[in-house]
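Below is one structure, written out as structure tokens; comments come after it.
Bear in mind that the values in this text are calculations on the coordinates, not laboratory data. Quantities reported herein were computed from a predicted structural model and do not represent experimental measurements. A quick note on method: Cβ atoms are made from the backbone with ideal geometry, for glycine too, and the neighbour counts reach across all protein chains shown.
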Amino acid sequence: MEENRLKHSLAVANKMVELNNGTDKENVFLIGYLHDIGYDFLENRNDTSIHNKIGGEILKKSRFKYWKEVYYHGDLNPEYKSDYLNLLNTADMMIDSKGNDVGFNKRLEDIMCRYGDSSEVYIKAKQLIESLKKQNIN
């Protein structure tokens, strides 16, 4: 795993544990730590929009109990919902690409700088953050 992605994943894992108040700490940490594993298995490095599906499928094959959280993270209207999925999306949208805890607004800035404000990645992230805010998750 690339160094910054590793820093991001570790910080997401720690943020999830922090936000979850220590309940089920081991599984919460693993969900966050593994959430971007799919990036390492992309056939087309330019198509990052499916990293969650690839990672989820890998974890499903490995019989990881919370593979669906990885599979559906970042999706705007997932057919699967769980508290851990909300927790993952929240933590992921608060941690920048270098592993810094920056909150929603700076995270969105980080995504815009890397992908552009008209990119699918940015637009989806913005919509996801708006949805999280409506759920009073901040």
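On the given criteria, is Tyr66 more than 21 Å from Lys124 (Cα to Cα), surrounded by 19 or more Cβ atoms within 10 Å (Cβ to Cβ) and not polar (S, T, N, Q)? Judged against the criteria, Tyr66 is a match.
If you scan region 90-108, which residues turn out to be charged (D, E, K, R), surrounded by fewer than 16 Cβ atoms within 10 Å (Cβ to Cβ) and touching a residue at least 40 places away in the same chain (Cβ under 8 Å)?
Of all residues in region 90-108, those charged (D, E, K, R) come to 92, 96, 98, 101, 106-107.
With surrounded by fewer than 16 Cβ atoms within 10 Å (Cβ to Cβ) added as a condition, the list becomes 98, 101, 106.
Answer for region 90-108, where residues must be charged (D, E, K, R), surrounded by fewer than 16 Cβ atoms within 10 Å (Cβ to Cβ) and touching a residue at least 40 places away in the same chain (Cβ under 8 Å): Lys98, Asp101.
Quick check: is even one residue across region 42-51 of a type outside the set (Lys, Arg), under 11 Å from the mean Cα position of the chain (by Cα) and closer than 25 Å to Lys133 by Cβ? Yes. Summed over region 94-132, the residues that are over 13 Å from Leu76 (Cα atoms) and of a type outside the set (Phe, Trp, Tyr) give a count of 24.
Is one or more of the residues making up region 109-127 β-branched (Val, Ile, Thr), surrounded by 17 or more Cβ atoms within 10 Å (Cβ to Cβ) and within 12 Å of the chain's Cα centre (by Cα)? No, region 109-127 has no match at all.
Scanning region 68-104 for residues that are out of contact with any Asp or Glu (no Cβ under 8 Å at 6 or more places or on another chain), part of a helix (DSSP H, G or I) and of a type in the set (A, V, I, L, M) returns Val70, Leu87, Ala91. How many residues are polar (S, T, N, Q) and outside any helix (DSSP H, G or I) when one looks only at region 1-50? Qualifying residue count for the region: 5.
Quick one: would you say Leu34 is of a type in the set (A, V, I, L, M, F, W, C), closer than 24 Å to Gln127 by Cα and surrounded by fewer than 19 Cβ atoms within 10 Å (Cβ to Cβ)? Full working, then the answer.
Details: of a type in the set (A, V, I, L, M, F, W, C): yes; closer than 24 Å to Gln127 by Cα: yes; surrounded by fewer than 19 Cβ atoms within 10 Å (Cβ to Cβ): no.
No, not satisfied.
None of Lys65, Lys60, Lys53 is over 16 Å from Thr90 (Cα atoms) and either β-branched (Val, Ile, Thr) or in a loop (DSSP other than H, G, I, E, B) (or both) except Lys65.
Test Leu42 against the criterion of being surrounded by fewer than 17 Cβ atoms within 10 Å (Cβ to Cβ), of a type in the set (A, V, I, L, M, F, W, C) and under 18 Å from Met94 (Cβ atoms), and give yes or no. Spelling it out, it is not the case that Leu42 is surrounded by fewer than 17 Cβ atoms within 10 Å (Cβ to Cβ), of a type in the set (A, V, I, L, M, F, W, C) and under 18 Å from Met94 (Cβ atoms). Would you say Lys61 is surrounded by 19 or more Cβ atoms within 10 Å (Cβ to Cβ), touching a helix residue (DSSP H, G or I) at 6+ places or on another chain (Cβ under 9 Å) and over 24 Å from Asn4 (Cβ atoms)? No; evaluated as a whole, the condition is false for this residue.
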